[in-house]
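Step one of this worksheet: look at the structure below.
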Amino acid sequence: MLYQLSYIGVEGDKISTKPSPWQAPHLASSTQGTHNYQLIMEALLRLLQQDSTTPRPELARQLNLTPEEIDARIASMEKDGVIVGYQAIVDKERLDKNTVTALIEVRITPERGGGFDRVAQRVAKFEQVVSCYLMSGGYDLIVVVQGGSLREVASFVSEKLSTLDAVISTATHFRLKSYKENGAMLVPEVPAERLVVTP
């Protein structure tokens, strides 16, 4: 994400701040200061999403803040629930060839008083479920499931997921290959082939 706005720009790999109301409060209106503070927070989140192991001094250098300010902003976002956890992005095909991932479309009947949320929470609690999303379109939920084999995933769908009273139907799609995961490329870039010019 490139922040090419009034007070934040991009110079190489460094997000630099121009003289701004955020840096000079006596020149800023409260609206401008709040807006610029939000931009800094979004830039920090972007850097953490790219690599949450980046040292605090490096984050501070890129955002023109001090390491103490970085620590304070991260602590604030953790407390507010903006940052809910830190995870390593794993290429499971290199780690375990037997891991099977499936994306399952699920149609459900919303419950009275609980709507889709109560059913979705019940589905999300299964240990085989990695992710669960409420979606627009022909299906209500998208559920990402992992198992040790095709049979294991199929058994989960037929014996656990489909047996829930609120579930109307499911459609299962098995992952064949991963190219990108949470912003990280998992395969080397294929160079473009040049056409051979013959005399």
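The gain in end-to-end length when the Glu189 to Glu68 segment is fully stretched comes to 39.8 nm, 0.36 nm per residue minus the alpha carbon separation. Taken about its Cα centre, the stretch 33-168 carries a charge dipole of about 220 debye when Lys and Arg each add +1 at the Cβ and Asp and Glu each add -1 at the Cβ.
Taking a ≥ b ≥ c as the square roots of the eigenvalues of the Cα gyration tensor of the stretch 29-174, is the shape rounded (a/c under 1.5), prolate (a/b larger than b/c) or oblate? Oblate, because a/c is 1.5 or more while a/b does not exceed b/c.
With the charge dipole of the stretch 92-177 set up from +1 on Lys and Arg Cβ and -1 on Asp and Glu Cβ about the Cα centre, the Cα lying farthest toward the positive end among the listed residues Val100, Leu134, Ala171 is that of Val100.
The phi torsions of the stretch 107-113, fed into the Karplus equation with coefficients 6.51, -1.76 and 1.60 and a -60° offset, translate into couplings of 9, 10, 9, x, 8, 5, x Hz, rounded to whole numbers, with Gly and Pro shown as x.
Computed from the coordinates by the stated procedures, all read-outs in this text should not be read as laboratory data. Values in this document were obtained by computation on a predicted structure and should not be read as measured data. Glycine also receives a Cβ, built like all others from the backbone with ideal geometry; neighbour counts cover every protein chain displayed.
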